1. When the solvent-accessible surface of protein heavy atoms is calculated with a 1.4 angstrom probe, in what order do ARG167, ARG100 fall, highest first?
2. So what is the 222 nm mean residue ellipticity for the chain from helices alone, if each DSSP H run of at least 4 adds -39500 (n - 2.57) and you divide by all residues, rounding to the nearest 500 deg cm²/dmol?
3. Using a Gaussian network for the chain with springs between C-alpha atoms less than 10 Å apart, which of these wobbles most: PRO14, PRO78, PRO160?
4. Solvent-accessible area per residue for segment 5-99 at a 1.4 Å probe radius, Å²?
5. Percent relative contact order of the chain, based on C-alpha pairs within less than 8 angstrom and at least six residues apart?
6. Determine the percent antiparallel among the DSSP beta bridges restricted to the chain, to the nearest 5.
7. If you line up the long axis of helix 117-127 against the longest principal axis of the chain, both from Cα atoms, how many degrees apart are they, to the nearest 10?
8. Given the convex hull of the Cα atoms of the chain, what is a quarter of its surface area in nm²?
Amino acid sequence: PIAESLTPGSNHFPLLDFYIKNQEYDYYWLIEDDVFLNGEWKNFLKYFDKISVDFITSYVRHYLEEPNWPWWNSLIHPNKNIPLSERLHSFNPLYRLSNRALCYLHEQLSNGWIGHHEVLIASLLEQHGYSIMDMGGNGTYVVPENNDKFYSEETWSHLPLSIQEFRPNMIYHPIKEKTDTIHKRYCVISAVGKDS
């Protein structure tokens, strides 16, 4: 880890711990508790069932596309180096890793790599030929049919969102209130007399 706590940057360790104890799955999804899907999770997950990509995530960017991102230099190893120009950044409140990708990441972390998970996972996998896909949005790693399909700049951010209307089948992050806020139900209690 890069810090004493899971944040910042070590959010991948609970998934790695689960993988080490449960290695029988083909794929592993991680969904943070402030991610909201305005639709059915089973439909969202099923959409990716037949896609055999090692790492499905969001907002995948090369160093040259976003050189001012603050965590690029957190990726270090005592004896190896990935040049900045070859590093990738991904935004990981929701992602899927294959069994073989998790096995590889576990080996690499055990062999000395450390870094913020949003540079570590994508950069290590890219360097060693694992497949990477951006699930929506826009960018180099988004397949054309998924452009802005599951998220957009209006629905997906590291900053609090100002949402006017929830669009169907879109993922939102961060949502800090309970997800039933879309259809709020209120209980109103009113006093109707001095003895009520």
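1. Working: ARG167 95, ARG100 130 Å².
The residues order as ARG100, ARG167, largest area first.
2. -6000 deg cm²/dmol
3. PRO78
4. Ligands and nucleic acids excluded, the figure is 54 Å² per residue.
5. Relative contact order of the chain: 27 percent.
6. 70
7. Between helix and principal axis, roughly 40 degrees.
8. Details: hull surface 61.9 nm².
That works out to 15.5 nm², a quarter of the Cα hull's surface.
The values are calculated or read from the model by the stated rules, or taken from the named source; none is laboratory data. Since the structure is predicted, the reported quantities are computational estimates derived from the model, not experimental observations. Note: ideal-geometry Cβ built from the backbone for every residue, glycine included; neighbour counts use all protein chains shown. These area figures cover heavy atoms from the full protein model, side chains too; ligands, DNA and RNA do not enter into them. Shrake-Rupley method; radii C 1.70, N 1.55, O 1.52, S 1.80 Å.
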